[in-house]
Each structure stands twice: as C-alpha cells, then as structure tokens.
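Enquirer: Have a look at this one.
The values are calculated or read from the model by the stated rules, or taken from the named source; none is laboratory data. The structure presented is a predicted model; accordingly, all values stated were derived computationally and were not measured. Don't worry about glycine lacking a Cβ; one is built from the backbone with ideal geometry, like all the others, and counts go over all protein chains shown.
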Amino acid sequence: MINKYILRSKILEKNFREILWLFWLDLEATQVSKITDISRPTINKLFDKIREKIAEKSEQNSPLGNGKIEVDESYFGQNAFVASEAGAQAGMVRQSVLRFFCDEIKG
C-alpha cells in the first residue's frame, strides 16, 4: 500500500502508523526499532521529521506573534534562599516563578 504520509517511502503506511503511535507513547528509538523491525537510524530520522512537523504546527497555531520571547526564572517567597538539606526537611520550599515577555502578540 502506498504511504500517504511520507512521499517516496519504503515504509508501509501501517508501519508508519505504528511508529507514530509508539512515538506518542514516548518510547525511545531503540525500543521502537526492536518492535517494528526497522533500523534505529531510520526511526531517528522519522522521529526528527515528526518533531519538526509538530513544531511547525505549533508555531502556526501560536497566540504569540513572530516577535521575541524572553523567559525569566526567578525565586520568590519567604524561603527563597533555603538551599540546605535541613531547610528542606523543615518544610521550607523554594517557589519558582516563570515570567514570559513578548515583543508582539497576535490580536
């Protein structure tokens, strides 16, 4: 059967769907290779292509524009500087806060 997902591929559509399912299950390429009997380098290439496609679709559907995005991680709270093991055992927790800055937002 012709693979409608990958042009000029020797991988059957049925096998590609299985690889896609195993990718979704977050299995490693070596595990997928053993399950599907397809070489690990081929699985790695397919995984890279799948990741690229996911990134493309995510960028297209992003509410953020094409502007710069800056991420800043800061620690806040009364116990922000507790780094010792004794402090952690006493129930003191560091609170991490992520802030996102955008130049441009789609609207």
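Enquirer: What are the pairs, 6+ residues apart or on separate chains, where a residue within the range 47-75 that is β-branched (Val, Ile, Thr) has its Cβ under 8 Å from a residue that is at pLDDT 80 or above?
Expert: Ile50/Leu20; Ile50/Phe23
Enquirer: Would the range 10-32 turn up any residue that is more than 20 Å from the chain's Cα centre (by Cα), surrounded by fewer than 10 Cβ atoms within 10 Å (Cβ to Cβ) and modelled with pLDDT under 85?
Expert: yes
Enquirer: From Asn15, Asn3, grab the single residue that is free of Cβ contacts under 8 Å to residues at least 40 places away in the same chain and touching a Leu at 6+ places or on another chain (Cβ under 8 Å).
Expert: Asn3
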